[in-house]
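Just below is one structure, and these are the notes that go with it.
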Number of protein chains: 2
Amino acid sequence: MVGAKSREQSDEESKQQSPVLKSQGQLIIIGGAEDKEGDCTILREFVRRASGRGAKIAVMTVATSLPGEVGSDYRDIFERLGVEKVDIVDTERREDASDPRYLEILKEATGVFFTGGDQARVTDVLKDTEIDKLLHERFAQGLVIAGTSAGAAMMPDIMIVEGEAETNPRLETVTLEPGMGFLPGVAIDQHFAQRGRLGRLISALIQQPAVLGFGIDENTAIAVKEDEIEVIGEGAITIIDVANITHTNVDETLHDESLAICGAKLHVIPHGYRFDLRKRECKC
Amino acid sequence: MVGAKSREQSDEESKQQSPVLKSQGQLIIIGGAEDKEGDCTILREFVRRASGRGAKIAVMTVATSLPGEVGSDYRDIFERLGVEKVDIVDTERREDASDPRYLEILKEATGVFFTGGDQARVTDVLKDTEIDKLLHERFAQGLVIAGTSAGAAMMPDIMIVEGEAETNPRLETVTLEPGMGFLPGVAIDQHFAQRGRLGRLISALIQQPAVLGFGIDENTAIAVKEDEIEVIGEGAITIIDVANITHTNVDETLHDESLAICGAKLHVIPHGYRFDLRKRECKC
């Protein structure tokens with residue numbers, strides 16, 4: 001612990017770092033395994049926010065190795081919820097990300113849904129392509145973008161590609177890579193309670209320039225709009241705020257050594273709760 | 001959330017609730033699966049605190065269904081570490097807890113070690129017996145008491161008997177019963193990271209009169225002496241402080257509904273770190 005770093009920040013400093021959505025768009029970030037047969041609470045809310053029955057939904061199957069099957073499943077669900085126009089955007093290779101048909105679909109879409117799979121595929125295929133650029137432009141203007149599991153993982157500017165669950169925080173616990181950057185300045189982990197990922201989320205959060213980490217349970221989502229998130233679904237959201245931690249040893253720690261954080265803030269909030277991203281406080 | 005409780009406490013109030021060991025004794029509370037073949041860091045530290053080579057160790061096998069085997073294993077380990085006097089206290093039934101031979105052993109012991117097994121067995125067999133009374137008397141005078149897994153679970157005044165892992169906090173997630181009360185005013189869970197027990201620990205903590213919850217990883221322990229804990233071992237200790245939470249819905253929540261806590265404090269500290277129980281702060 002000798003020479004370990006002590007961090008004290010003024011409220012003003014840490015407020016400046018708070019992640020706030022500056023675009024007009026909304027995000028629905030789902031922890032995986034969302035209900036697709038019962039009430040479909042989360043998918044229903046996505047459709048509602050994406051213009052309801054008049055929505056034009058594009059299903060992005062880039063993350064999955066079974067795009068035909070997964071795409072068709074989501075098409076069925078969204079049609080069952082009353083959406084008249086559902087298109088599948090199946091970008092298998094980077095070339096596909098400039099396909100005029102796909103760009104046309106995404107120009108018209110009111111809601112875009114990223115399926116689960118492997119988050120590294122999302123960035124490998126889409127990052128810095130025409131689809132990437134178009135999605136960010138349309139998101140700035142008000143597009144609703146949802147993603148589940150891998151589709152949730154890719155939302156921040158730095159994403160967890162893979163990592164070890166059910167262990168204490170260490171640098172080696174996670175592999176991080178640039179994400180799609182729809183919600184910069186946060187760390188996100190999914191399947192959170194179900195896979196015991198507290199240590200993994202802290203490991204990711206502490207090594208990036210972010211003050212808030214979100215652990216999203218299965219069949220649970222956060223809806224992000226401007227400076228507010230709302231929790232939807234069955235489980236809870238675990239929020240870890242390291243803006244004002246009094247100590248961490250991250251700068252002195254080798255890869256396989258245990259990380260310490262002292263004085264972080266912890267919120268665990270279920271369905272219906274809201275969280276102010278600017279003040280970094282529950283609204284309750 | 002309508003009518004949900006808001007809690008604000010002054011620092012002074014919450015300091016008064018801080019759990020501080022008022023006895024002269026020490027506790028070594030182990031998250032299970034401590035190393036028994038390699039460095040034996042934790043068991044070594046227990047022996048050292050219990051008078052080193054001159055220690056007289058009593059192994060309490062009450063929790064396990066294999067007392068012969070488990071007792072003999074620990075006897076071998078402690079003898080390998082240089083302890084000359086190791087006795088097994090095998091209380092299978094409540095009558096055994098007034099056996100003069102066992103009481104004699106415990107009168108002489110400098111260290112008492114509770115094995116793993118089923119924590120409900122510890123209280124069923126020992127609570128309010130002569131052994132219970134003697135252990136508390138000797139603990140007040142300086143006895144070192146260690147416990148692993150079930151032997152850790154029984155340390156607080158209210159213990160987790162069983163519970164669901166890898167889920168978000170709900171009242172139904174844990175079954176609580178009176179523990180042995182060596183460290184009152186805390187909630188303790190063991191195998192913490194390895195079994196994804198964040199939700200379970202919060203569920204226990206929020207329903208009892210305690211402000212601090214300790215999640216202890218496997219092969220990791222807290223050594224408690226007066227108002228200080230020290231972390232020993234391979235993993236980390238996750239400390240959740242709910243003294244100054246700004247909101248919880250626990251009073252309005254039915255058994256199967258999701259709990260909320262807002263504004264808790266979170267510390268995750270590994271080997272060598274110390275935590276001040278009175279100030280509820282890391283010492284670093």
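Data overview
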read-out: Qualifying residue in the range B:201-209 (condition: over 28 Å from B:Thr41 (Cβ atoms), free of Cβ contacts under 8 Å to residues at least 40 places away in the same chain and either surrounded by 24 or more Cβ atoms within 10 Å (Cβ to Cβ) or within 11 Å of chain A (Cβ to nearest Cβ) (or both)); value: no
read-out: Any hit, the range A:186-199, residues being touching a Lys or Arg at 6+ places or on another chain (Cβ under 8 Å), of a type in the set (A, V, I, L, M) and either more than 7 Å from chain B (Cβ to nearest Cβ) or over 16 Å from A:Met155 (Cβ atoms) (or both); value: no
read-out: Residue in the range A:170-185 that is farthest from the other protein chains (Cβ to nearest Cβ), counting only those that are assigned to a strand (DSSP E or B) and open to solvent by 20 Å² or more (accessible area, probe 1.4 Å); value: A:Pro178
read-out: Helices (runs of 4 or more DSSP H) within the range B:56-138 that include 2 or more residues under 19 Å from B:Gly181 (Cα atoms); value: B:119-126
read-out: Qualifying position, being crowded, with 24+ Cβ neighbours inside 10 Å and more than 13 Å from the chain's Cα centre (by Cα), among A:Ala140, A:Ala243, A:Ala152, A:Ala236; value: A:Ala236
read-out: The lone exception for B:Phe214 - which of (1) assigned to a strand (DSSP E or B); (2) open to solvent by 10 Å² or more (accessible area, probe 1.4 Å) it fails; value: (2)
read-out: Matching residues, the range B:251-269, being surrounded by fewer than 23 Cβ atoms within 10 Å (Cβ to Cβ) and either out of contact with any strand residue (DSSP E or B) (no Cβ under 7 Å at 6 or more places or on another chain) or more than 15 Å from A:Ile239 (Cα to Cα) (or both); value: B:Asp251, B:Glu252, B:Thr253, B:Leu254, B:His255, B:Asp256, B:Glu257
read-out: Close pairs from the range A:64-80: first touching a residue at least 12 places away in the same chain (Cβ under 8 Å) and among the polar types (S, T, N, Q), partner outside any helix (DSSP H, G or I) and open to solvent by 60 Å² or more (accessible area, probe 1.4 Å), Cβ under 9 Å, at least 6 apart; value: A:Thr64/A:Asp118; A:Ser65/A:Asp118
read-out: Of the criteria (1) buried (at least 19 other Cβ atoms within 10 Å of the Cβ); (2) within 9 Å of another protein chain (Cβ to nearest Cβ); (3) part of a loop (DSSP other than H, G, I, E, B), which one B:Gly272 fails; value: (1)
read-out: Contacts under 8 angstrom Cβ, first residue in the range A:103-129 being open to solvent by 50 Å² or more (accessible area, probe 1.4 Å), partner charged (D, E, K, R) and part of a helix (DSSP H, G or I), 6 or more apart; value: A:Lys107/A:Arg138; A:Asp124/A:Arg94
read-out: Condition broken by A:Thr248, with the remaining ones in (1) open to solvent by 20 Å² or more (accessible area, probe 1.4 Å); (2) within 13 Å of chain B (Cβ to nearest Cβ) satisfied; value: (1)
read-out: Tally of residues being open to solvent by 30 Å² or more (accessible area, probe 1.4 Å) and either more than 11 Å from A:Gly111 (Cβ to Cβ) or aliphatic (A, V, I, L, M) (or both) across the range A:49-66; value: 3
read-out: Criterion (modelled with pLDDT of 95 or more and crowded, with 21+ Cβ neighbours inside 10 Å) met by exactly one of B:Gly32, B:Gly82; value: B:Gly32
read-out: Some residue of the range A:11-21 being at pLDDT 95 or above and touching a Leu at 6+ places or on another chain (Cβ under 7 Å); value: no
read-out: Selection status of A:Thr167, farther than 24 Å from A:Phe275 by Cβ, open to solvent by 10 Å² or more (accessible area, probe 1.4 Å), polar (S, T, N, Q) and within 14 Å of another protein chain (Cβ to nearest Cβ); value: yes
read-out: Extreme residue, nearest to A:Thr167 (Cα to Cα), among residues of the range A:217-232 that are open to solvent by 20 Å² or more (accessible area, probe 1.4 Å) and of a type outside the set (Lys, Arg); value: A:Glu218
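The values are calculated or read from the model by the stated rules, or taken from the named source; none is laboratory data. Values in this document were obtained by computation on a predicted structure and should not be read as measured data. Counting neighbours? That spans all protein chains shown, and the Cβs are built from the backbone with ideal geometry, glycine included. We work out accessible area using only protein heavy atoms, side chains counted, and drop any ligands, DNA or RNA first. Shrake-Rupley method; radii C 1.70, N 1.55, O 1.52, S 1.80 Å.
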